[in-house]
């Protein structure tokens with residue numbers, strides 16, 4: 001449409017009257033199928049402007065429905081479960097061996113993660129999200145905790161791809177964001193788990209056979225776009 005308007009504008013005779021192009025009888029059926037009110041669709045879905053003047057800007061415009069950034073979720077529901085299964089351990093000392101059953105415990109929390117664009121941002125990610133943690137079950141801290149408070153919120157970075165999200169986390173030691181886990185699509189959510197579990201070793205300090213293999217923890221992470 002812009003090309004059509006430009007063609008007419010450039011064919012003016014200088015007195016404000018546009019010259020009509022010569023009619024081509026071989027192709028013209030005597031009708032004009034163009035719509036003079038037609039407007040080109042939104043062409044740039046990330047410039048913050050309403051390019052086509054329809055009142056909707058960027059991702060709010062239906063023209064941008066398939067634009068990559070417009071398919072990224074604004075809110076993500078998150079659920080983490082850490083399920084620890086203890087085992088019977090033997091502490092070997094100079095005074096003899098002592099057996100003890102390590103208790104099971106579980107920590108489960110959920111969060112509604114929203115997009116953040118300031119503060120500590122994962123620059124290599126598509127988007128960074130933050131949310132407050134709500135604990136549904138928490139018995140590990142009371143049994144094995146060192147007295148430190150549980151985290152009340154967290155930030156996560158994501159790179160979005162078809163059928164897979166890449167989860168990033170911040171390394172508190174180095175202060176840098178690092179690629180962590182590949183989350184795979186399962187229905188409407190993206191998930192990761194460590195299969196049969198990960199062995200946990202604990203240094204009691206008084207056992208000659210430290211660190212002791214005290215049990216296994218199964219971890220499940222779920223992220224669902226909203």
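Residue-wise test of (1) buried (at least 16 other Cβ atoms within 10 Å of the Cβ); (2) without any contact (Cβ under 8 Å) to a residue 12 or more places away in the chain; (3) outside the structural domain of residue 121 (by TED's automatic domain parsing).
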| position | (1), (2), (3) |
| --- | --- |
| 162 | no, yes, no |
| 169 | no, no, no |
| 194 | no, no, no |
| 199 | no, no, no |
| 219 | yes, no, no |
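Entry remark, region 93-103: residues being surrounded by 13 or more Cβ atoms within 10 Å (Cβ to Cβ) and either touching a residue at least 60 places away in the same chain (Cβ under 8 Å) or under 16 Å from residue 224 (Cα atoms) (or both) number 1 in total. Scanning region 61-74 for residues that are surrounded by 13 or more Cβ atoms within 10 Å (Cβ to Cβ), within 20 Å of the chain's Cα centre (by Cα) and either modelled with pLDDT under 75 or farther than 15 Å from residue 126 by Cβ (or both) yields 64, 67. Inspection of region 203-213 identifies at least one residue that is out of contact with any strand residue (DSSP E or B) (no Cβ under 7 Å at 6 or more places or on another chain) and on the phi < 0 side of the Ramachandran plot. Might you check whether a residue that is at pLDDT below 95, surrounded by 12 or more Cβ atoms within 10 Å (Cβ to Cβ) and closer than 23 Å to residue 83 by Cβ occurs anywhere in region 145-153? Scanning region 145-153, I find at least one residue that is at pLDDT below 95, surrounded by 12 or more Cβ atoms within 10 Å (Cβ to Cβ) and closer than 23 Å to residue 83 by Cβ, so the answer is yes.
Do we have any residue at all in region 114-133 that's under 30 Å from residue 197 (Cα atoms), touching a helix residue (DSSP H, G or I) at 6+ places or on another chain (Cβ under 8 Å) and in a strand (DSSP E or B)? Within region 114-133, not a single residue is under 30 Å from residue 197 (Cα atoms), touching a helix residue (DSSP H, G or I) at 6+ places or on another chain (Cβ under 8 Å) and in a strand (DSSP E or B).
The values are calculated or read from the model by the stated rules, or taken from the named source; none is laboratory data. Note that the coordinates shown come from a computational prediction; the quantities given were computed from them, not determined experimentally. Backbone-built Cβ (ideal geometry, glycine too); neighbour counts: all protein chains shown.
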